[in-house]
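S.K.: First, the structure itself, so that you have it in front of you.
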Amino acid sequence: MEDVKKDSWGSNFGFLLAAVGSAVGLGNIWGFPYKMGRNGGGAFLIIYLFLILIVGFAVMLGELVIGRKTGMGPVGAYKKLSKKYAAIGYMGIISGFLILSFYSVLGGMVMKYMFSFFISMFSQDYFVGITSASFFSNFIINGWEMIVYCFLFLLITTIIVMRGISKGIEKFTKIAMPALGVLLVAIILFVLFQENAIEGLKFMFKPAFSVYSASSDIGFFTVLKTAAGQMFFSLSLGMGCMMTYGSFLKKDTNLEKNALIIPIADSIVAIMAGMVVMPAVFAYHLEPSAGPSLLFVSLHEVFVNGMTGFTGSFIGFMFYLLVFIAAITSSISLLEVCISYINDKNEENHKHKGSKIPQIVISIIVLVIGIPVALDGLGSPGATISFQPFGYSWLDFYDLISEGILMPVGALVMSLIIGWGFKTKIIKEEVEDGQLFKLKGFIFWDICFKIIVPITMIIIIFAQLQDFGIIK
Ligand code: TRP
């Protein structure tokens, strides 16, 4: 029997870059701006930030603590805490497979746009004679192309993850995250100088508190639920992703500080991404609430018909490159969760994890699960397959099971286990050395894990079920 020497982060800074890389992704660049714009702008932002403070921060710390304490991904970790909690771990792994499969389809689409704009820099008539909307719809109903791009995206993700934690993920994010920062700032500066751009900022930030009122067609409950769902997805919480990353942390790192930095960095990037997307959309008189097609159709329109020529192609390429980098640093964290299951098993059996074959098998399974998402063209008519589970597109269906049900339930049970099962002791033990806030007896954490997080999660799950029509 050979003892396994566990891979770990080279430094805490490397971990932070990777964790922020996991958090910053399509959720920030694509989801956040339009959800904020639709749900009252500043009025949404206030709730979002407040939720981070009272829920996100605690769930983040909870995951990091459980991860580092047990040194395992969700299945191994919950099993180690108690056999009876194992199911929560499995729920996390299932979410991982579902999210990664549709995330890879979306990531593949980003790659297609990135390549197209790259080509158009040299071949000026590449987009001539086709509208942004038909470029998009022709692409997404082309099943083979969708699958090939999804495959490519997953292949890159797999190669990075197979190289390991410090040599693969950490090394990649150390280059990717600064690059992302530079690109983001450069594009913000460019976009803000376009005419009318200021309208985009107004749309995003102007607090429309009227959305809270029952008489508006949105209402406080919807804003709260949207903000909460967005927060969990954007911070990579609720399925053991941060737990897995935390399992590679050394004992001397300050977990409270990390749990604070990750959400702050993620929110800053989300707001900055909004400052690219919304001003661009307003400068070229497009619809800010286009929803999912915003990132593809609307911005394509901006680059091709708004900016035009080489500038448009170049900025377009840079923009999709940025989105691509953000998506890859997130997908590697999702794949790491799926793989943690095998690593944990090996560790339990004291087996050396030499073979890479199980990792490849996992990526193939993800690809297979993603095929229906790629083939139904995000639910658009004329796609290769037209069967839709319960009337949802496959992407929405996977999203509903994971983000809608498994993840909020996972977060609820985790906080109950920490708060009531362990009486928050598990937190106290792990953070004692580097306690950031000398709050007497950890009162803040006690209240968070015992009361605030569970109540908020129950409200969210209730609103979610109501949305699906499961309860009235
Ligand atoms: N947070 C990423 C984004 O905003 C996506 C992501 C990565 C994720 N890992 C996750 C979402 C785990 C939920 C759970 O795009």
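Just so you know, all these numbers are worked out from the coordinates, no wet-lab data involved. Please read these numbers as outputs of a predicted model, since none were measured by experiment. Here the Cβ is made from the backbone with ideal geometry for all residues, glycine too, and neighbour counts use every protein chain on show.
S.K.: Among Ala283, Tyr245, Phe193, which residue has its Cα positioned farthest towards the positive end of the charge dipole of the chain, with +1 placed on the Cβ of Lys and Arg, -1 on the Cβ of Asp and Glu, and the dipole taken about the Cα centre?
M.R.: Towards the positive end, the residue furthest out is Tyr245.
S.K.: Ok, one more. So which DSSP H runs in the chain come out at 24 Å plus along the axis (Cα) with average Kyte-Doolittle of at least 0.0? Working shown, then result.
M.R.: Values: long enough: 86-122 (54 Å, 1.58); 143-162 (28 Å, 2.11); 171-192 (32 Å, 2.16); 255-283 (42 Å, 1.63); 309-348 (58 Å, 0.96); 357-375 (27 Å, 2.62).
Sorted by number, the helices that extend far enough and score high enough are 86-122, 143-162, 171-192, 255-283, 309-348, 357-375.
S.K.: A further question on this structure: Please report how far the C-alpha centroid of the range 52-94 lies from that of the range 106-131, rounded to the nearest whole angstrom.
M.R.: Cα centres, the range 52-94 to the range 106-131: 41 Å.
S.K.: If each residue of separation counts as 0.36 nm, what is the full-extension length gain between Val148 and Phe387 once their alpha-carbon separation is subtracted?
M.R.: 83.9 nm
S.K.: Kindly rank 291-299, 253-261 from highest to lowest mean number of other beta carbons found within 10 Å of each residue.
M.R.: Top of the packing list down: 291-299, 253-261.
S.K.: I would also like to ask the following. Which length gain, in nm to one decimal place, applies between Asn12 and Phe314 when the Cα-Cα distance is subtracted from 0.36 nm times their residue separation?
M.R.: Computed gain between Asn12 and Phe314 is 105.2 nm.
S.K.: Then there's this: Zone of Ile451 (label point 7 Å along Cα→Cβ, backbone N under 19 Å): which residues in the range 37-66?
M.R.: 50-59, by backbone N distance to the label point.
S.K.: Among the trypsin sites (Lys or Arg not before Pro) in the range 1-110, which ones are in a DSSP loop with at most 15 other Cβ atoms within 10 Å of the Cβ? Mind listing them?
M.R.: The qualifying sites are Lys5, Lys6.
S.K.: How big is the dipole moment of the chain about its Cα centre under a simple scheme where the beta carbon of each Lys and Arg is +1, that of each Asp and Glu is -1, and everything else is neutral? Debye, nearest 20, please.
M.R.: 1340
S.K.: Please list, or write none, the lysines whose alpha carbon is within less than 18 Å of the alpha carbon of Lys206, excluding same-chain residues fewer than 8 places away.
M.R.: Lys35
S.K.: Placing unit charges on C-beta atoms (Lys and Arg positive, Asp and Glu negative, everything else neutral), compute the dipole magnitude of the range 147-273 about its Cα centre in debye, rounded to 20.
M.R.: 480
S.K.: Go ahead and run the numbers for FRET between Phe462 and Asn305, Cβ-Cβ distance against an R0 of 56 Å, rounding to 0.05.
M.R.: Efficiency at R0 = 56 Å is approximately 0.80.
S.K.: Among 404-413, 120-129, 104-113, what's the highest-first ranking by average C-beta atoms within 10 angstrom per residue? Please report the intermediate quantities before stating the final value.
M.R.: Numbers: 404-413: 22.2, 120-129: 13.2, 104-113: 25.4.
Ranked by mean Cβ neighbours within 10 Å, highest first: 104-113, 404-413, 120-129.
S.K.: Continuing with this model, one more query. Which chymotrypsin sites (Phe, Trp or Tyr not before Pro) in the range 369-407 pass both tests, a DSSP loop state and at most 13 other beta-carbon atoms within 10 Å?
M.R.: Taking the range 369-407 and a limit of 13 other Cβ atoms within 10 Å, the loop chymotrypsin sites (Phe, Trp or Tyr not before Pro) found are Phe387.
S.K.: Hey, another quick one. Name all residues of the range 446-462 having a backbone nitrogen under 14 Å from the label point set 7 Å from the Cα of Val409 along its Cα→Cβ direction, giving them as ranges.
M.R.: 458, 461-462
S.K.: Right, here's the next one. Whole angstrom only: what separates the Cα centroid of the range 156-214 from the Cα centroid of the range 266-303?
M.R.: Distance between centres, Cα-based: 11 Å.
S.K.: Which Cα, out of Leu53, Phe32, Ile385, lies furthest along the positive dipole direction of the chain (beta carbon charges, K/R +1, D/E -1)?
M.R.: Leu53
S.K.: Could I ask something else about it? For the pairs Lys80/Lys423; Lys69/Lys356; Lys167/Lys257; Lys345/Lys450; Lys80/Lys345; Lys257/Lys428, flag any whose C-alpha to C-alpha distance is greater than 22 Å.
M.R.: From the list (Lys80/Lys423; Lys69/Lys356; Lys167/Lys257; Lys345/Lys450; Lys80/Lys345; Lys257/Lys428), the Cα-Cα distance tops 22 Å for Lys69/Lys356; Lys167/Lys257; Lys345/Lys450.
S.K.: Modelling each spin label as a point 7 Å along the Cα-to-Cβ direction, I'd like the Phe193/Ala87 distance in nm, to one decimal.
M.R.: 5.9
S.K.: Between Ala290 and Asp252, what length in nm is gained on full extension when 0.36 nm per residue of separation is reduced by their alpha carbon distance? Could you put the intermediate results ahead of the total?
M.R.: Details: separation 38, 0.36 × 38 = 13.68 nm, distance 4.64 nm.
Computed gain between Ala290 and Asp252 is 9.0 nm.
S.K.: Separate question: Residue farthest toward the positive end of the dipole of the chain, with Cβ of Lys/Arg at +1 and Asp/Glu at -1: which of Gly229, Ile93, Leu416?
M.R.: Leu416
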